[in-house]
Amino acid sequence: MTKIVALSQSPHIVIVGAGPSGLIAAIAAAQRGGTRVTILEKNSDAGRKLLLTGQGRCNVTNFSPNPDIIAHFFDTGKFLYKSLHHFDAEALRTFFASQNLRLVEQERGRAFPETQKAKDVLAALLSAAVATGVEIRYNTSVTDIKCDEFGRLKAIITADGTVTADACIIAVGGCSYPRTGSSGDGYAIAERHGHRIVPTCAGLAPIHTTVEDIFELQGVSVRDIRLTLKMAGHKSHTCEGDLLFTHFGITGPAVLRISRFLPQDETMYPDSIQLSLDSLPKYAHDILDRMWISDISKAPNASLKQTLKKYLPTAFLLAAMRRCAINPATPGREWTKAHRVNLLNTVKAYQITPIKPPLFEMAMVTAGGVDTKDIDPKTMQSKKIRGLYFAGEVIDVDGDTGGYNLQAAFSTGHLAGQSAHDYVIANSNL
């Protein structure tokens, strides 16, 4: 027999998930008073994924203007306009200041805790939750929700029984970093109750590639490049930024940005998927050609390696020369036009072959999720079920590196928390 847990006669808001969006949602709801707020967390502790962000430093937000923040999201970024207006980066700064944690701005608007420790961000959230009377139940797995005959949320089903609730906020995250407990639970619950799910894939993830050049280039960073994805020979997407060669493939901002566009169909790898690296995108072919001719004319006896190393990291330049069968010790005066054109084409379109789809195990975020068309952006309430709300990574909204995704989690979570509070108070006497 299912056990019914009656928690109080007061309106009850249940948040599923004790990550950043769930914690801020609980705090926002509890601060308004008049309700009981409970977080159900399936792990034995809170914020596991949060502790990994920014390599443990936690890039909390970005202090760029809201329109710039929106521009750093893919596809569905406009969905965030209302939630960002409701609770933006400055509001987040104020919140953490109230918890004696100062945020400091670094390059490109990125904001970190002054202590440079993600654990202090989590501690501030947990402290605020406790101070506002939020109850957190750990080791509690939510499997479903219940609605009444009028389509209103009435209960949360857990592995241990049923918890009565007047509103529920699903803030369980996505599928990225599954070792932290993220397993896509929220998608199954949402889909079961009529919500559309945009197919998920790994976002902001490194890419595994063929081993050609990998060992020689491991640890080499190429700055300000342009990376183009080609599928079956056709250009698909282009991203810019830095690129780093690793022991298994490539990573870096440009790679992380383009990873969400790689197909999930493993049968397409490696034959139909190609990445083209323009290592010098600021120079057109003809301009770069004239520059090289000029450099060689000034030092015709110098080796090609010596003459051209100012343009690119030496290891990458040598790898490109190997692909062209060019001896780097060749004096410039002996360099033929054919060799020059070949090297130009190589550094402007250095081919890299991915061997499999990006992995959730290495992804910072999940692309895809609960369709934004099924969520009211003004409240984060479901358009299918009254009293059901969504927040954070479970929603089909994902952005660039730089604090944007965490800000989205905080903004949608805070809005969902306050909206859920207002909903249960307005309906408490019905």
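Overview of results
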item: For residue 210, residues with placed amide H under 5 Å, excluding near neighbours; result: 353, 355
item: Among 97, 46, 66 the positive-end extreme of the charge dipole of segment 1-113 (Cβ point charges); result: 46
item: Correct option for semi-axes √(5λ) of the Cα gyration tensor in Å [calculated from the coordinates] among [x] 42, 26, 21; [y] 50, 21, 17; [z] 44, 21, 21; result: [y]
item: Set 356/378; 49/356; 82/356 screened for pairs whose C-alpha atoms are more than 27 Å apart; result: 356/378; 82/356
item: Rounded to 5, the percent of DSSP beta bridges in the chain classed as antiparallel; result: 70
item: Local electrostatic count at residue 58 - Lys and Arg +1, Asp and Glu -1, tallied over other residues with Cβ under 10 Å; result: +2
item: Helical mean residue ellipticity (222 nm; -39500 (n - 2.57) per DSSP H run of 4+; nearest 500) of the chain; result: -9000 deg cm²/dmol
item: Segment 238-266 versus segment 267-289: alpha-carbon centroid distance in Å; result: 13
item: Low-density loop cleavage sites - trypsin sites (Lys or Arg not before Pro) in segment 77-181, where at most 15 other Cβ are within 10 Å (DSSP); result: 102
item: Derived scalar couplings ³J(HN,Hα) [segment 233-245; Karplus, 6.51 cos²θ - 1.76 cosθ + 1.60; whole Hz; x for Gly, Pro]; result: x, 9, 5, 10, 9, 10, 9, 10, x, 8, 9, 10, 7
item: Size of charge dipole - segment 209-358 - debye, nearest 20, with Cβ of Lys, Arg +1 and Asp, Glu -1, no other charges; result: 480
item: Value of relative contact order over segment 209-358, rounded to a whole percent, pairs C-alpha under 8 Å and six or more apart; result: 30
item: Folded to 0 to 90 degrees: helix 337-348 orientation relative to the chain principal axis, Cα; result: 10
item: On Cα atoms only, tilt of 89-98 relative to the major axis of the chain in degrees; result: 60
item: Of 296, 277, 247, farthest towards positive along the dipole that unit charges on Lys, Arg, Asp, Glu beta carbons give segment 209-358; result: 296
item: Spin-label zone in segment 414-430 - amide nitrogen under 19 Å from a point set 7 Å from the Cα of residue 10 along the C-beta vector; result: 417-430
item: Between helix 404-426 and the chain: long-axis angle, C-alpha atoms, 0 to 90°, nearest 10; result: 20
item: Residue order, fewest to most beta carbons within 10 Å, for 24, 189, 326; result: 326, 189, 24
item: DSSP-assigned coil residues among trypsin sites (Lys or Arg not before Pro) in segment 303-410, each with at most 10 further Cβ atoms within 10 Å; result: 310
item: Those chymotrypsin sites (Phe, Trp or Tyr not before Pro) in segment 94-203 that DSSP places in a loop and that have at most 14 other beta carbons within 10 Å; result: 138, 150
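Only the coordinates and a few stated rules stand behind these numbers; no lab work does. Worth saying up front: this structure is predicted, and the values here are computed from it rather than measured. Note: ideal-geometry Cβ built from the backbone for every residue, glycine included; neighbour counts use all protein chains shown.
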